[in-house]
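K.L.:
Below is one structure. I have some questions about it.
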Amino acid sequence: MANNKISKILIVDDNSFYLLVLKTILKDVDANVYLANSGEEALSLLNGNDFALAILDIQMPEMDGFELALRIKNLQDRDLLPIIFLTASSSDEIQMFKGYDNGAIDYLMKPVNKTVLLSKVKIFLELDQQKRKLIASKESLLKSKLELEQKQEQMKLQNIALQKAQKESEESRKKYIKLYDFAPTGFFTINREGRINEINIKGARLFGIEPFLLINFDFNELISSDSQSDFKNFLEQVFEKKTQSGCELQLKPINEKSIFVYLEGAIIDERQTCLLSMADITERKEAQIALKASEELYHSLLRTSPDGIIITDLDGRITEASDIAIQLLGITNSQVIEGLHFMNFIPKSSKKDLVKIINSTIREGMVQNFEIKLKKIDNTEFISEISSSQIRGNNGEINAFMSVIRDISERKLFEKQLRHSERMTGIGELATGMAHEINQPLNTISMIVDNIVYSIDTKTITENYLKTKIDKVFDNITRIKKIIDHVRTFSRDQDDFVQSDFEVNTSIQNSISMISEQFAHKEIELSFHPDKQIPPLIGNAYRFEQVILNMLINAKDAIEEKKKRSCGKFKKKIEISTVLQNKYITVEIKDNGIGIAPGVIDKVLLPFFTTKAPGQGTGLGLSISYGIIKELGGEIEIQSNPKSGTTILIKIPVQNFNHKKYTFSHVQ
């Protein structure tokens, strides 16, 4: 407690010896003595210590006792600190008044009289203890007062709460009387025979009869024949076994509408009276009937769907599968598939594709027409198209996934044949220009051979001359070989080609090299402006070259068509450029040909649509090119002005070469 704390005394004197003398004198005093050699040190001790008495020497360097006393007086909570001044000489009245004015209560002459000092110090210590006791008593009284006020407030609140509870109890009693009659739930009482003793308004309305007409009415007459046995069992449970029970009943049709109710009841008195609550569950029963019909329809659709349907839980295990799905996966017994993990039907090469499907389904809610290879139970693989969607419960949480599977192997074979047909058409175009591509190096070889023969005839040939000419012959032979090899590779079936990284600019240059001489022969200026910062792509380089070649041939045909229709001359130009912008690689192919009419520009990417004359195009080139670019994640945009030219923009996103390790939650 505060009154039991030991008092503190502060002694300030610049004479260390005299400080020790005073401390020795006060050694038996019940107080802690603090010593300071200067005013600054004394002020530091005052910060954080509550002193009962301060003994200050008047004569001190830097800060004398009067100044220190004045500064103590100005300190917060220290202005009432008792101060005794020590002086070595007799003080005049002016000096004494100055000391009293600065907070002094007494003076002592050096050397101090031990008895006098102890007497004065003990008096101030007793005063300090009394002050502490008074403060403690005050705090205790304030605390008691506060507790009393709190208890009075609590009693006041309790009294208010009690009055409120009494009022609410009376209101509740009145409300109960009304509630029974106007409750949204039907209430009524019956005896052992099932006769109604009393009934509220809601209960009577469920029967479509006025309440007073139902008094002593046999409840059995209101129940349909299908529910009579259920009600009999209910009465036996309540009256014979004395247990609270419940049952669902169908009442007799009211206004040609079937009513379903749920009864719950128990005996409430010694007279064997049963209190029943009756809830209208017609809507719920109708919903259950509708749900049952919906489930039957769902299973019917599952059985008759032309596509395979598989339901998986969040762990990826198959919980249900349609007959078509079972056939697609090569399973003969429908019970075998349930419980199997869907990963059993995913080949190693398709695992990353499956992860993409799952992640997109979780993120976007559904995925449509995603091509992926699946394998049957006997490990034979087939190409499928999957559409996946979430199945959510009543709480909105995902609790399953539904996948619709379609075998597209035949369609992919047909597309392969179409691509091959279009590639052959392109090769036919190439064949026309092959003579131009090979003719130049052949002419060069012919001229070199003529020069060699001439040198032999004139006997001016030298070994160095012959070696130089032969090297040029081999260079041109190599050029011819590269052209033929590239055309041969280009014309080969590319469907089984293993995807690898390739340079976009190099592929475009390869495509140009196969037709540049042909274009030059037709006086078409073909220019290429590559962006050196274009990163590589992962895919089939030869399919990409097929796209570029197709675009260039279309541009050439557009220019030739414009020349055929135009009376005047114009400079035939095709410009190709590449640029890296906003994480997209853009290939721009621009010509100044005949252009495309606004009414058909949206149709040119459709299969079998062509603007060329009959017999001059298959209508598959742009469609197949669009499919190849889509495989790279890109898009094709077409901008055209009739008679001014067309610009094709191929935009492909930059691919990340840091192979990401896919993880997903419900397929382990």
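K.L.:
Starting from the Cα of Lys241, draw a straight line to each of the aspartates and glutamates and keep only those under 20 Å, dropping any in the same chain fewer than 8 residues away.
P.N.:
Glu193, Asp230, Glu264, Asp269, Glu270
K.L.:
Could you check how much of the accessible area of the range 118-270 is carbon and sulfur, as a whole percent, using a 1.4 Å probe?
P.N.:
53 percent
K.L.:
Still on this model: For the range 283-408, which semi-axes, largest first and in whole Å, follow from the square roots of 5 times the eigenvalues of its Cα gyration tensor?
P.N.:
26, 18, 12
K.L.:
Let me ask something else about it. Per residue, how big is the convex hull of the range 506-600 when only Cα atoms are used? Give it in Å³.
P.N.:
122 Å³
K.L.:
Label points 7 Å out from Cα along the Cβ direction at Glu126 and Lys412: separation in nm?
P.N.:
11.1 nm
K.L.:
Can you pull the one-decimal nm distance between simple spin-label points at Asn451 and Ile638, each 7 Å off the Cα toward Cβ?
P.N.:
Modelled inter-label distance: 4.8 nm.
K.L.:
Using only alpha-carbon positions, what ratio does the radius of gyration of the range 1-91 give when scaled by 2.2 N^0.38 Å?
P.N.:
Dividing the Cα radius of gyration by 2.2 N^0.38 Å gives 1.05.
K.L.:
Binning at 5 angstrom from zero up to the longest distance, how are the C-alpha pair distances of the range 1-42 distributed in percent?
P.N.:
6, 22, 27, 21, 13, 7, 3, 0
K.L.:
What lysines does Lys156 reach when the alpha-carbon gap must be under 18 Å and sequence neighbours fewer than 8 apart in one chain are set aside?
P.N.:
Counting by Cα, and skipping residues close in sequence, Lys156 has these lysines nearby: Lys145, Lys164, Lys167.
K.L.:
For the range 22-65, what percent of Cα pairs sit more than 17 Å apart?
P.N.:
Roughly 36 percent, rounded to a whole number.
K.L.:
When the Cα atoms of the range 203-286 are enclosed in a convex hull and the volume is divided per residue, what value in Å³ results?
P.N.:
Convex hull of Cα atoms, per residue: 96 Å³.
K.L.:
Taking the alpha-carbon distance from Lys351 and a cut-off under 26 Å, which lysines remain once sequence neighbours fewer than 8 residues away in the same chain are dropped?
P.N.:
Here the lysines satisfying the reach criterion relative to Lys351 are Lys373, Lys375, Lys376, Lys412, Lys416, Lys630, Lys660, Lys661.
K.L.:
Just the number please: accessible area per residue for the range 325-418, 1.4 Å probe, all protein chains included, in Å².
P.N.:
57 Å²
K.L.:
By how many nm would the segment from Leu80 to Glu240 grow when fully extended, if each residue of separation counts as 0.36 nm and the alpha-carbon distance is taken off?
P.N.:
48.6 nm
K.L.:
Per residue, how big is the convex hull of the range 27-154 when only Cα atoms are used? Give it in Å³.
P.N.:
Enclosed volume per residue, from the Cα hull, is 135 Å³.
K.L.:
Let me ask another. Over the range 250-353, what portion of Cα pair distances is larger than 19 Å, expressed as a whole percent?
P.N.:
Value for the range 250-353: 66 percent of Cα pairs lie more than 19 Å apart.
K.L.:
May I ask you to evaluate 6.51 cos²θ - 1.76 cosθ + 1.60, the Karplus curve with θ = phi - 60°, for each residue of the range 153-167 and list the ³J(HN,Hα) values in order in whole Hz, giving x for glycine and proline?
P.N.:
So the J values, rounded to whole Hz, are 5, 4, 4, 5, 5, 5, 5, 5, 5, 5, 4, 5, 5, 5, 5.
K.L.:
On to the next question. Sticking with the crude label model, points 7 Å out along Cα→Cβ, report the distance from Lys292 to Ser119 in nm, one decimal please.
P.N.:
11.3 nm
K.L.:
What are the principal axis extents of the Cα atoms in the range 121-161, in Å, biggest first?
P.N.:
Largest first, the range 121-161 extends 59, 5, 5 Å along its Cα principal axes.
K.L.:
Tell me, what is the FRET efficiency for Ile398 and Thr332 to the nearest 0.05, using R0 = 41 angstrom and their Cβ-Cβ distance as r? Walk me through the numbers before you get to the answer.
P.N.:
Values: r = 32 Å, r/R0 = 0.78.
Computed FRET efficiency for Ile398 and Thr332: 0.80.
K.L.:
Round to the nearest 0.05 the FRET efficiency obtained for Leu213 and Asp313 when R0 = 60 Å and r is the Cβ-Cβ distance. Before the final figure, lay out the partial values.
P.N.:
Working: r = 55 Å, r/R0 = 0.92.
Once the sixth-power term is evaluated, E becomes 0.60.
The values are calculated or read from the model by the stated rules, or taken from the named source; none is laboratory data. Remember, predicted model here, so these are calculated numbers, not experimental data. A quick note on method: Cβ atoms are made from the backbone with ideal geometry, for glycine too, and the neighbour counts reach across all protein chains shown. Surface areas here come from the heavy atoms of the whole protein model, side chains and all, with no ligands, DNA or RNA. Shrake-Rupley method; radii C 1.70, N 1.55, O 1.52, S 1.80 Å.
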